[in-house]
Amino acid sequence: MFGFRAGRVKKALARATLGLLARRESDLARWSDPRNLQAEWDERAAMAARHVLQGQPVLDLGCGAMALERFLPPGTPYRPADIVARRADCLVIDLNRGEFPDGRFGSVTLLGVLEYLYEPEAVLRRARLAAGRLVLSYAIDLGQRPEKRRANGWVNDFKEAEIRRLLEASGWRLVGQSPIRVRRKVRHDLFVCDGEPG
């Protein structure tokens, strides 16, 4: 009974994502619901915080529950940005509409955000103009059926080599990569990049 219902829910979520894909829209309804900001991603935030440039401002794109802020080194200024206002100082932006915060930062983080972007290279290029360090995570496509990825709301399906090419094409140099241990069936990796000189 529960398996049948879960299957129907996943199919409905996949259909909803296909509708968003057709319109190239962000899933505002999903991200407006705080129940979708899961604490299981605290480990990812802690890992990411170890790679930001200490003492330099951090722009957290798609900040969600803002877990990253709790793990940052002391004296590291934090600037949250998301599709909905998470608190008074949160910049409200929609990356899928080409919106990007002004300013210069030591590091930009994109934790669990790239999967939801229609034009990830454009966002990565903007991040390159804004910072010298990028820390991002991505649920790498290991041959999962597209409808399963759509049920998660993901609009793209990059393999590891494609992520590496995307980073390079955006002016980033990969300096570290490590898996994130979470309770998921796909592999989530953390990528740490520095900007190419020049």
In the list Asp189, Asp157, which residue meets the criterion of being surrounded by fewer than 20 Cβ atoms within 10 Å (Cβ to Cβ), within 27 Å of Leu28 (Cα to Cα) and under 12 Å from the mean Cα position of the chain (by Cα)? Asp189
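Those residues that are of a type outside the set (A, V, I, L, M, F, W, C) and surrounded by fewer than 22 Cβ atoms within 10 Å (Cβ to Cβ), I need them from the stretch 121-139; list them, please.
Glu121, Arg125, Arg126, Arg128, Gly132, Arg133, listed by residue number.
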Every residue in the stretch 140-153 that is touching a strand residue (DSSP E or B) at 6+ places or on another chain (Cβ under 7 Å) and either part of a helix (DSSP H, G or I) or crowded, with 18+ Cβ neighbours inside 10 Å (or both), please. Ile140
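Please go through the stretch 138-148 and pick out each residue that is touching a residue at least 24 places away in the same chain (Cβ under 8 Å) and over 19 Å from Ile83 (Cα atoms).
Selection gives Ala139, Ile140, Asp141, Leu142, Gln144, Glu147, Lys148.
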Would you confirm whether any residue within the stretch 92-103 is in contact with a strand residue (DSSP E or B) (Cβ under 9 Å, 6 or more places away or on another chain), of a type in the set (Lys, Arg) and at pLDDT 95 or above? no
Taking the stretch 22-62 and keeping only residues that are in contact (Cβ under 8 Å) with a residue 40 or more places away in the chain, in a helix (DSSP H, G or I) and surrounded by 14 or more Cβ atoms within 10 Å (Cβ to Cβ), one is left with Arg30, Trp31, Trp41, Glu43, Arg44, Ala45, Met47, Ala48
Within the stretch 75-100, the residues that are part of a loop (DSSP other than H, G, I, E, B), within 12 Å of Val58 (Cα to Cα) and not hydroxyl-bearing (Ser, Thr, Tyr) are Gly75, Pro77
Exactly one of Val175, Val192, Val135 is free of Cβ contacts under 8 Å to residues at least 40 places away in the same chain and of a type in the set (Val, Ile, Thr), and that residue is Val175
Can you pull out every residue in the stretch 1-39 that is over 20 Å from the mean Cα position of the chain (by Cα), farther than 16 Å from Leu117 by Cα and modelled with pLDDT of 70 or more? Arg15
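The values are calculated or read from the model by the stated rules, or taken from the named source; none is laboratory data. On a predicted model such as this, the values are computed, not experimentally measured, just so you know. Ideal geometry is used to build each Cβ from the backbone, glycine not excepted, and the neighbour counts take in all protein chains shown.
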